[in-house]
Amino acid sequence: MAFTLGFHIILVPFGVAFTFLMLLANYRGLRRDDHEAMLLAERWSKVAAVLFAVGAVSGTVLTFELGLLWPRLMGRFGAAYGIPFAVEGIFFFVEAIFVAIYVYGWKRLRPWTHFWSGVPVVVAGAGGTASVVAANGWMNLPGGFTLRGGRIFDVHPLAVFFNRAFWYESLHMFLAAYLVAGFMVAGVYAAGLLRGRRDRYHRLGFLISFTVAAVLIPAQIVVGDTITREVFQKEPAKFAAIEMLAETGTHVPETLGGVFHDGAIRYGLRVPNAASILAGFRPSTRIQGLDAIPPALRPEDRVVTLVHLSFDVMVLSAFFLLGLALWFGVAWWRRRDLPKGRWFLRLAAAGGVVSVISLESGWVVTEVGRQPWTVVGYLLTRDAVTTSGNVWWFLAGALAIYVAVGIGTVFVLRSMRRRWRTADDDVPVPYGPELPLEKAVPEIRP
């Protein structure tokens with residue numbers, strides 16, 4: 001499940017935010033009669049269609065894994081846990097319909113009609129992501145049901161969906177999707193600029209995507225800081241793991257790096273009082289430690305270390321991207337141009353990878369930080385997971401599927417890139433005729 005989630009989460013930003021970048025280019029092309037912007041929009045729509053298909057495959061595997069690998073979770077809590085996924089299914093089908101209309105509508109629909117057909121793609125992508133995050137938030141802070149005799153009754157769908165963690169988790173993920181899409185797409189065009197492709201097409205592709213990411217990264221850091229305090233108040237066990245805090249206390253230092261072993265921190269760099277100040281704005285803020293958790297429910301040392309280091313990586317990578325955005329912003333404000341020199345482009349090209357690392361680290365924090373619970377306070381992971389001895393076969397099958405899907409995706413995208421480089425853009429969609437088919441019956445003249 002961890003492997004398939006880690007693969008699938010990389011595709012989510014392309015369904016949520018890459019399509020928004022596509023519409024931005026489309027809008028610019030229509031409003032300013034910008035040929036390069038329209039070409040970007042058309043080509044990005046083809047990439048989005050391919051990645052949407054790949055995401056559909058990986059998402060389907062995840063739905064099977066929920067039943068095969070977590071039978072007790074679905075059996076006991078499926079009536080509540082399944083609600084967000086039912087909503088996500090509706091958004092998925094809406095997105096699929098309008099992706100087809102938008103991609104196949106190039107040169108077939110009126111320009112503005114075609115543009116507006118892409119708006120539901122962005123809206124449905126955001127709604128689908130919010131639905132999945134609602135399911136995750138419910139596992140962290142469950143509610144909206146009554147538990148009697150080991151079974152749930154009186155399920156309230158709205159309370160399940162809009163749980164106590166929904167709003168801040170969904171906003172955090174929504175911004176993260178836009179950052180990953182923006183920095184990854186900008187990284188592709190930064191690599192092209194580094195290789196001497198200094199034409200307006202590559203420059204515009206970089207500017208549209210990087211500008212969106214650069215504008216949103218400060219907001220993401222502010223939201224992340226706010227969310228950390230929400231976790232401190234609502235999920236104290238997860239916060240204790242994030243801070244590697246063994247004992248409850250005040251004047252808690254912030255530990256950078258290090259490992260947690262036998263209830264003590266090793267090799268970490270401590271900043272006095274910083275954790276208490278970040279949590280409650282004053283050094284006297286009292287933070288619950290791991291000692292407040294019953295020993296039977298306390299996370300293992302390696303889990304605590306993983307959560308803490310993942311949080312550090314997420315924060316460090318976010319500030320790296322913030323620095324990159326500020327560099328770009330200052331240069332654009334002063335000269336209305338990209339920063340001089342090649343180092344900015346090198347770091348921008350790396351920014352896409354860094355954004356993915358930050359995204360993956362954040363999901364490790366929220367998923368592993370919940371351990372040993374699957375549904376906090378109700379269902380332990382050891383009680384939710386399958387007892388089948390065939391888990392390794394499932395993993396082998398998943399690996400085979402994803403290797404095949406990954407190779408196929410790279411092959412298709414590279415073939416599209418080769419065609420674009422030779423200006424042989426002979427099909428306006430990934431697969432399909434350029435012009436309407438000829439009539440089957442020839443016209444009979446009188």
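Working note: Karplus 6.51/-1.76/1.60 with θ = phi - 60° gives region 216-225 the couplings 8, 4, x, 5, 5, 5, 5, 4, x, 5 Hz, where Gly and Pro are set to x. Which shape class applies to the chain: rounded if a/c is under 1.5, otherwise prolate when a/b exceeds b/c and oblate if not, where a ≥ b ≥ c are the square roots of the Cα gyration tensor eigenvalues? Judged from the Cα gyration tensor, the chain comes out oblate (a/c at least 1.5, b/c at or above a/b). Here the peptides 206-213, 48-55, 340-347, 325-332 are ranked by packing, the mean other Cβ count within 10 Å, and the order with the highest first is 206-213, 48-55, 325-332, 340-347.
Sorted largest first, the spans of the alpha carbon positions of region 363-415 along the three principal axes are 50, 28, 11 Å. Heavy-atom surface analysis with a 1.4 Å probe gives region 62-131 a carbon and sulfur content of 76 percent of its accessible area.
Skipping prolines and chain starts, which residues have an amide H placed within reach, meaning under 5 Å, of the one on ARG270, given they are 5 or more residues away or on another chain? Those lying under 5 Å, H to H, from ARG270 are LEU256.
Positive end of the charge dipole of region 212-336 (Lys, Arg +1 and Asp, Glu -1 on Cβ, about the Cα centre): tell me which of VAL231, THR285, GLY323 has its Cα farthest that way. Positive-end residue among those listed: GLY323.
Farthest toward the dipole's positive end in the chain, which of SER361, PHE115, GLY205, given Cβ charges of +1 (Lys, Arg) and -1 (Asp, Glu) about the Cα centre? Checked the options; the winner is GLY205.
The dipole here belongs to the chain: it is taken about the Cα centre, uses +1 on the Cβ of Lys and Arg and -1 on the Cβ of Asp and Glu, and is about 1220 debye. Only the Cβ atoms of Lys and Arg (+1) and of Asp and Glu (-1) were treated as charged; on that basis the dipole of region 26-127 about its Cα centre amounts to roughly 140 debye.
In whole percents, the pair-distance distribution calculated for region 1-148 from its alpha-carbon pairs, binned every 10 Å from zero, is 11, 37, 27, 16, 8, 2, 0. Charging the Cβ of each Asp and Glu at -1 and of each Lys and Arg at +1, and nothing else, the dipole of region 51-192 about its Cα centre rounds to 160 debye.
Phi angles across region 92-102 convert, under the Karplus curve 6.51 cos²θ - 1.76 cosθ + 1.60 with θ = phi - 60°, into 3J(HN,Hα) values of 4, 5, 4, 4, 4, 4, 7, 4, 5, 4, 5 Hz, Gly and Pro given as x. Over the chain, accessible surface divided per residue gives 50 Å², non-protein components excluded, 1.4 Å probe. Each peptide in 286-296, 120-130, 358-368, 174-184 was scored by the mean count of other Cβ atoms within 10 Å over its residues; highest first, the order is 174-184, 120-130, 358-368, 286-296.
Expressed as a whole percent, the accessible surface of region 226-327 that belongs to carbon and sulfur atoms is 64, based on a 1.4 Å probe.
Only helices enter this figure: runs of n ≥ 4 DSSP H residues, each worth -39500 (n - 2.57), summed and divided by the residues of the chain, yield -24000 deg cm²/dmol at 222 nm to the nearest 500. Couplings 3J(HN,Hα) of region 70-77, computed from phi: 10, x, 6, 4, 6, x, 8, 10 Hz, in residue order, whole Hz [Karplus 6.51 cos²θ - 1.76 cosθ + 1.60, θ = phi - 60°; x for Gly and Pro].
The values are calculated or read from the model by the stated rules, or taken from the named source; none is laboratory data. Quick caveat: nothing in here was measured; it's all calculated off a predicted structure. Using ideal geometry, Cβ is built from the backbone for each residue, glycine included, and neighbour counts are taken over all protein chains shown. Ligands, DNA and RNA are excluded from the accessible area calculation, which covers all protein heavy atoms including side chains. Shrake-Rupley method; radii C 1.70, N 1.55, O 1.52, S 1.80 Å.
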